[in-house]
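A.B. asks: Take this structure first; my questions come after.
The values are calculated or read from the model by the stated rules, or taken from the named source; none is laboratory data. Note that the structure is a prediction, hence the values are computed from the model and not measured. Cβ coordinates were reconstructed from backbone atoms using ideal geometry, including for glycine residues, and neighbour counts include every protein chain displayed. Side chains included, ligands, DNA and RNA excluded: accessible areas come from the protein's heavy atoms. Shrake-Rupley method; radii C 1.70, N 1.55, O 1.52, S 1.80 Å.
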Amino acid sequence: MNRNCKRLLAAMCCISLLTACNNPQTQTSQTSSSTDSIKLTFAYLTDVHLNQTNYGHCNEGLRQALECAKQQQAEMLLFGGENAETDQLGNDETTADSLHAHFKRTVEEYGLPAHFTIGNHDRFYVFNGQKDTLGFKMFEKHYGKSYGSFDYKGIHFIRLNGMHPTKQAFATIDQEQITWLKEDLAKTGLETPIVVSTHVPLLSLYYPVVEGSMQARDMIDNTKEIADLLKPYNIKLILQGHQHIYEQIQERGLWFVTAGGVSANWWTGPLADTEEGFLLIKVDNANNFSWEYIDYGWDVH
């Protein structure tokens, strides 16, 4: 999300004051309680905003977050978008390409399998010297297709690309992708636990609660269509980014959890009382999910 669009305002409900990685106190929620052993711990990191000038010491901040995720015993990383601010670089394809490559290399240094969701700042509108209208091709060069799915320890993970333009709101999930999603869900079946990642939220209360206004922006505009597709299935979590706040909404059987940004207020400190951090999600052998927002301890330099 554009840093000029967000202002430091009063804390919203469901946003937590959180503590550092070296302090075990965190904000925790769960779908149900269980004493079963943990079979998977993974980290959801979103809104890193790696930039070409290392503004805010973003390179050091990213490394600190990744190191903290390893300390918290994450065995897999899922990124929620806005990895690198390439959409700010005009037509400088060489710099944009290098910035994405630098981000990917940094993540790979920590030796954990990683999967990437596309965000609005990850787009770039030139590829191989030619105009790229949607801005997805450079992302796909470095991270793979802009949407897709994978399985890990019996859990099905879906990455959605909500970056298709729309006149009604910020973005939409296009019909080609919806056709793919229907097929992917049908193949997965009704029993397998599913986690969905989308950068721009399907559901958020940022504007009415934090800014006091109702606005049809900074959310996916075909949320109902997507939610109706998901509801028959065993959806455990819908993970979201973009808002730079920690927010949890349960809408009937669906949990929409927006993670605060790794960069918080674009590397200048907290945004609406949400510190720099990431979500740590644990899954037990009975496929119960619990999660906590980890403040990994970065300070303004």
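A.B. asks: Please find, in a Gaussian network model of the chain (springs between Cα atoms separated by less than 10 Å), the residue of H100, H142, H242 whose mean-square fluctuation is greatest.
C.D. replies: Most flexible of the set in this elastic network: H142.
A.B. asks: With charges only on Cβ, +1 for K and R and -1 for D and E, what is the dipole size of the chain about its Cα centre, in debye, rounded to 20?
C.D. replies: The dipole magnitude comes to about 400 debye.
A.B. asks: Now for a different question. For the chain, what % of the accessible area comes from carbon and sulfur atoms, probe 1.4 Å? Can you show the working numbers first?
C.D. replies: Numbers: 5830 of 12310 Å².
Within the chain, the accessible surface is 47 percent carbon and sulfur.
A.B. asks: Given a Förster distance of 35 Å, report the FRET efficiency between N54 and Q215 from their Cβ-Cβ distance, rounded to the nearest 0.05.
C.D. replies: So the FRET efficiency works out to roughly 0.60.
A.B. asks: How charged is the neighbourhood of T106? Take every other residue with its Cβ under 14 Å from the Cβ of T106, and add Lys/Arg as +1 and Asp/Glu as -1.
C.D. replies: 0
A.B. asks: OK, next. Just subtract the alpha-carbon distance of K231 and Q250 from 0.36 nm times their residue separation and send over the number in nm, one decimal.
C.D. replies: Computed gain between K231 and Q250 is 5.6 nm.
A.B. asks: I want to verify a result. In a Gaussian network model of the chain, Cα cutoff 10 Å, which of these has the top mean-square fluctuation: I245, I194, I178?
C.D. replies: I178
A.B. asks: Let me ask something else. Filter K39/K236; K153/K236; K131/K187; K137/K282; K104/K131; K70/K187 down to the pairs with a C-alpha to C-alpha distance above 26 Å, please.
C.D. replies: Violating the 26 Å Cα-Cα cut-off are K131/K187; K137/K282; K70/K187.
A.B. asks: Assuming a ≥ b ≥ c are the square roots of the Cα gyration tensor eigenvalues, decide whether region 57-108 counts as rounded (a/c under 1.5), prolate (otherwise, with a/b larger than b/c) or oblate. Walk me through the numbers before you get to the answer.
C.D. replies: Values: a/c = 2.68, a/b = 2.37, b/c = 1.13.
It is prolate, given that a/c is not under 1.5 and a/b is the larger ratio.
A.B. asks: Working out 0.36 nm times the residue gap between H102 and E140, then minus their Cα-Cα distance, what length gain in nm do you get to one decimal?
C.D. replies: Residue separation times 0.36 nm, minus the Cα-Cα distance, leaves 12.2 nm.
A.B. asks: Then there is this: Estimate the FRET efficiency between A286 and Y110 by the formula 1/(1 + (r/R0)^6), using the beta-carbon distance for r and 35 Å for R0, to the nearest 0.05. Present the calculation step by step, with values, prior to reporting the outcome.
C.D. replies: Numbers: r = 29 Å, r/R0 = 0.83.
Once the sixth-power term is evaluated, E becomes 0.75.
A.B. asks: For K167, go through the aspartates and glutamates and keep the ones whose alpha-carbon is under 15 Å away, minus same-chain ones fewer than eight residues off.
C.D. replies: Qualifying aspartates and glutamates at Cα under 15 Å: D218, D221.
A.B. asks: Could you give the accessible area per residue of region 187-240, probe 1.4 Å, as a whole number in Å²?
C.D. replies: 40
A.B. asks: Something else about it: Taking +1 at the Cβ of each Lys and Arg and -1 at the Cβ of each Asp and Glu, which of C58, L185, V107 sits farthest along the dipole of the chain towards its positive end, judged by Cα position relative to the Cα centre?
C.D. replies: Checked the options; the winner is L185.
A.B. asks: Considering only DSSP beta bridges where both residues belong to region 111-226, give the percentage that are antiparallel (nearest 5).
C.D. replies: In region 111-226, approximately 55 percent of DSSP beta bridges are antiparallel ones.
A.B. asks: At q = 0.10, 0.15, 0.16 Å⁻¹, work out log10 I(q)/I(0) for the chain with the Debye formula, treating every Cα as an identical point scatterer and leaving solvent out; two decimals please.
C.D. replies: Debye intensities relative to I(0), on a log10 scale: -0.49, -1.20, -1.40.
A.B. asks: When DSSP beta bridges are limited to those with both residues in the chain, what percentage is antiparallel, rounded to the nearest 5? Before the final figure, lay out the partial values.
C.D. replies: On the way: 31 of 53 bridges.
Beta bridges within the chain, antiparallel portion: roughly 60 percent.
A.B. asks: Taking every pair of alpha-carbon atoms in region 253-301, what share in percent sits in each 10 Å bin, from 0 to the bin with the longest distance?
C.D. replies: Once binned at 10 Å, the Cα pair distances of region 253-301 give 25, 43, 22, 9, 1.
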